[in-house]
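Below: the structure, in structure tokens.
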Amino acid sequence: MSKKPVLGIVGLSDGDLEVHEQLKGVVQDQVDAIAAALRASGQVEVIEAKKLVNSVRSAKEQAEYLRDQGVDGTILSYGVFAFPNFSAIVAQNGKGPFLLAANLNPDWPGMVAMLAAGGALNHLGIRHFRASGDVKEPEVLET
């Protein structure tokens, strides 16, 4: 019997503390939806970061936490706009491969954050994958 892959997931938020406090529920909801869908699939184990990323320090800490848990890869979840440098720090200190994931929610710019983060990772030469859409839809989950 083979061991299931272990995926880490971290939610990235706005770097302004006041804005983060207002939007952290949106970010956490996105993380929760992805984690629940992956667990329900039965194909992987999921380890969630201890807290949402909203600073350089928390990006490094949460990336190291997931890496130290022995994950086989890391999902970066975007529910709202997040500073692209946070994603770069997660990728530089965490365990790849990296999947950038955003819901297509017109009320929040998570997709913009994912695209900006992808550009930052491309600039740094960090290979990654991207997925967007509602994780409850099978074609999005299977991406």
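The values are calculated or read from the model by the stated rules, or taken from the named source; none is laboratory data. Just so we're clear, the structure is a prediction, and the values are computed from it rather than from any experiment. Note: ideal-geometry Cβ built from the backbone for every residue, glycine included; neighbour counts use all protein chains shown.
When R57 is tested against (1) of a type in the set (K, R); (2) within 23 Å of G125 (Cα to Cα); (3) part of a loop (DSSP other than H, G, I, E, B), only condition (3) is not met. Among the residues making up the range 127-143, a single one is within 15 Å of V90 (Cβ to Cβ), crowded, with 17+ Cβ neighbours inside 10 Å and not charged (D, E, K, R): H128.
With respect to L100, determine if the residue is modelled with pLDDT under 95 and either more than 14 Å from the chain's Cα centre (by Cα) or crowded, with 17+ Cβ neighbours inside 10 Å (or both). So L100 does not fit the description; no. For first residues located in the range 23-37 and over 19 Å from P106 (Cβ atoms), partners that are surrounded by fewer than 17 Cβ atoms within 10 Å (Cβ to Cβ) and lie 6+ apart or on another chain with Cβ distances below 9 Å form the pairs A37/K136. Scanning the range 36-52 for residues that are under 14 Å from the mean Cα position of the chain (by Cα) and either buried (at least 21 other Cβ atoms within 10 Å of the Cβ) or farther than 16 Å from E137 by Cβ (or both) yields V46, I47, E48, A49, K50, K51, L52.
In the range 84-98, what residues are in a helix (DSSP H, G or I) and among the aromatic types (F, W, Y)? Give the steps one after another, and end with the answer.
Step one: filter the range 84-98 for residues in a helix (DSSP H, G or I), giving 84-93.
Correct list: F86 only.
All conditions in (1) outside any helix (DSSP H, G or I); (2) free of Cβ contacts under 8 Å to residues at least 40 places away in the same chain; (3) in contact with a helix residue (DSSP H, G or I) (Cβ under 9 Å, 6 or more places away or on another chain) hold for A101, with the sole exception of (2).
From the list V71, V27, pick out the single residue that is part of a loop (DSSP other than H, G, I, E, B), touching a Gly at 6+ places or on another chain (Cβ under 7 Å) and modelled with pLDDT of 95 or more. Quick ask: steps written out before the conclusion?
Details: V27 fails: part of a loop (DSSP other than H, G, I, E, B).
Every option except V71 fails the conditions.
Quick one: is S55 under 11 Å from the mean Cα position of the chain (by Cα) and either modelled with pLDDT of 95 or more or aromatic (F, W, Y) (or both)?
Working: under 11 Å from the mean Cα position of the chain (by Cα): no; either modelled with pLDDT of 95 or more or aromatic (F, W, Y) (or both): yes.
Against the criterion (under 11 Å from the mean Cα position of the chain (by Cα) and either modelled with pLDDT of 95 or more or aromatic (F, W, Y) (or both)), S55 does not qualify.
Being in a helix (DSSP H, G or I), touching a residue at least 24 places away in the same chain (Cβ under 8 Å) and on the phi < 0 side of the Ramachandran plot is a description that does not apply to V10. Residue check: is G15 within 27 Å of E139 (Cβ to Cβ), of a type outside the set (D, E) and either touching a residue at least 24 places away in the same chain (Cβ under 8 Å) or not in a loop (DSSP other than H, G, I, E, B) (or both)? In short, no.
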